[in-house]
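In what follows, a structure is listed as structure tokens, so that the remarks can point back to it.
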Amino acid sequence: MSATRDVRYLDHAATTPLAPGVFEAMQQALLETPANPASLHAPGRAAAEQVEMAADTLGTLVNARPRDLIWTSGATESINLALKGAAEFVGDAAHVVSVVTEHSATLDTLAWLERRGTRVTRLGVDSAGRLDLDALETVVADGATLVSVMHVNNETGVIQDIEAIGAICGRYGALLHVDAAQSLGRLPIDCARMNIALLSVSAHKIGGPKGIGALFVRPRTGIAAQVHGGGQQRGLRSGTLATHQIAGFGAAARRVAETRDSEQQRLAALRDRLWAHIETLDGVMRNGERAHLAAPFLNVSVADVHGEALLVGLTEGAPALAVSSGAACSAAKGQSSYVLRAMGRTPREAGASIRFSLGSDTDTDTAAVDEAGARFVAEVRRLRALAGAV
């Protein structure tokens, strides 16, 4: 990733650089197939073919029929369409079950639904960030109509057992919505085997362009449209399709389909190497158990350090580390990470947390990871020394 100064980019959970071939696919779509893909003439059909190719690739990646994918502006819109659409379709009997550690796109949508009378149940997690499946089954058996769970947590990388959750939903007739923004291209996803009715994904998390996502809608799953207009995409999400962005999404999906297993093994080894540097510090805690973490993620809390000072020191030093606070979604509200607090961290521990997320441009030769680990250790020690001198 290019930058105006010396930066080590370790924030791929926030967004990823374009993967090889994505820009070229978008450029080709813009220049060679500029027509509206809903038009019936030859140029329109050519544009529609670009959309169909991308749908084929993405559908194969998650084991879904291409025609069951609805293109959106990203995972946030997909989540809104899934949750609002499913609740509205059911009406007064709707009961949505979710988890307190979900992304704010889900939590804020649930709060919106609740204000309008929808019954919402939010389940907690254990100290490892995992959902209690017995607790989930108890609530679902009580008449839940929709369960919404994030596959991989965006702050910690903790993986939920979607296949087991899907089996519970199947036993009691509840629909399962999965926020797969952080798991697409990192973990195997099989909508049929996992009993997923609704799946939200976003291109920019896998090396695709920003502003394009998709929602898988299983056949005969009732959802009400939230965007009305020309009736495109079976009327579920009207509007002219962004052919070039969809083509970019398809190119990114093709690449991760080819490289996922080997790439995730590589990133897991680099993440473990980074942790080996960091764990030499006293008072450092890894958030989440290694066995249940997606490969690129490392979230740590550090004792005796002010969280904001640590983040500023890392991002402004030399070399600068492009990392995030574990409280990224809460920082604007002046709060420590609700995800980490739900896992039992104190507000101070949750506030002094850093998320590293590795990606395709993280150096294979380990130099960047070693440098980042050394920088982190040195910065923590520097801040602790300053605090001791006050």
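The values are calculated or read from the model by the stated rules, or taken from the named source; none is laboratory data. Being a predicted model, the structure only gives us computed values, none of them experimental. Here the Cβ positions follow ideal geometry from the backbone for every residue, glycine too, while neighbour counts run over all protein chains shown. Please note that ligands, DNA and RNA were not included when accessible areas were found on the heavy atoms of the full protein model with its side chains. Shrake-Rupley method; radii C 1.70, N 1.55, O 1.52, S 1.80 Å.
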According to the square roots a ≥ b ≥ c of the eigenvalues of the Cα gyration tensor, what is the shape class of region 81-136, taking rounded for a/c under 1.5, prolate for a/b larger than b/c otherwise, and oblate for the remainder?
prolate
With all protein chains present and a 1.4 Å probe, how do PHE23, PHE249 order by accessible area, largest first?
PHE23, PHE249
Along the charge dipole of the chain, Cβ charges K/R +1 and D/E -1, which of GLY117, ALA276, LEU40 sits furthest on the positive end?
GLY117
If R₀ is 56 angstrom, what is the calculated FRET efficiency for the pair ARG348 and HIS41, using the beta carbon separation as r and rounding to 0.05?
0.35
Could you work out the local net charge near ALA105, counting Lys and Arg as +1, Asp and Glu as -1, over the other residues with Cβ closer than 14 Å to its Cβ?
-3
Using per-residue counts of other Cβ atoms within 10 Å, averaged over each peptide, order 34-40, 139-145 from highest down.
139-145, 34-40
Please find the FRET efficiency linking ASP363 to PHE89, where r is the Cβ-Cβ separation and R0 is fixed at 45 Å, and quote it to the nearest 0.05.
0.40
With a 10 Å cut-off between alpha carbons and a GNM built on the chain, which of PRO20, PRO209, PRO66 moves the most?
PRO20
If a/c stays under 1.5 just call it rounded; otherwise compare a/b with b/c (prolate if a/b is bigger, oblate if not). Do that for the chain, with a ≥ b ≥ c from the square roots of the Cα gyration tensor eigenvalues.
oblate
In degrees rounded to 10, the 0-90 angle between helix 307-316 Cα long axis and the longest Cα principal axis of the chain is 80
Of PHE89, PHE297, PHE376, the one that fluctuates the most in a GNM where the chain has Cα springs shorter than 10 Å:
PHE89
Along the positive direction of the dipole of the chain (beta-carbon charges: Lys, Arg +1; Asp, Glu -1; about the Cα centre), which of PRO188, HIS306, GLN245 reaches farthest?
GLN245
Assuming 0.36 nm per residue, please report the length gained on full extension of the stretch ARG381 to GLU24 beyond their Cα-Cα distance.
124.0 nm
Computed over the chain: longest principal axis from alpha-carbon atoms vs helix 104-115 long axis, angle to nearest 10 degrees, is 60
Would you please classify the overall shape of region 146-224 from the alpha carbon gyration tensor, given that a ≥ b ≥ c denote the square roots of the eigenvalues, rounded means a/c under 1.5, and beyond that prolate means a/b larger than b/c while oblate covers the rest?
oblate
How high is the relative contact order of the chain, in percent, with contacts defined as C-alpha pairs under 8 Å that are six or more residues apart?
22
Of all stretches in the chain that avoid trypsin sites (Lys or Arg not before Pro) placed in a DSSP loop and having at most 11 other Cβ atoms within 10 Å, the longest is 221-390
Out of ASP365, ASP56, ASP272, a Gaussian network model of the chain with alpha-carbon springs under 10 Å gives the largest mean-square fluctuation to ASP365
Where both partners of a DSSP beta bridge lie in region 41-161, what percent of those bridges are antiparallel, to the nearest 5?
20
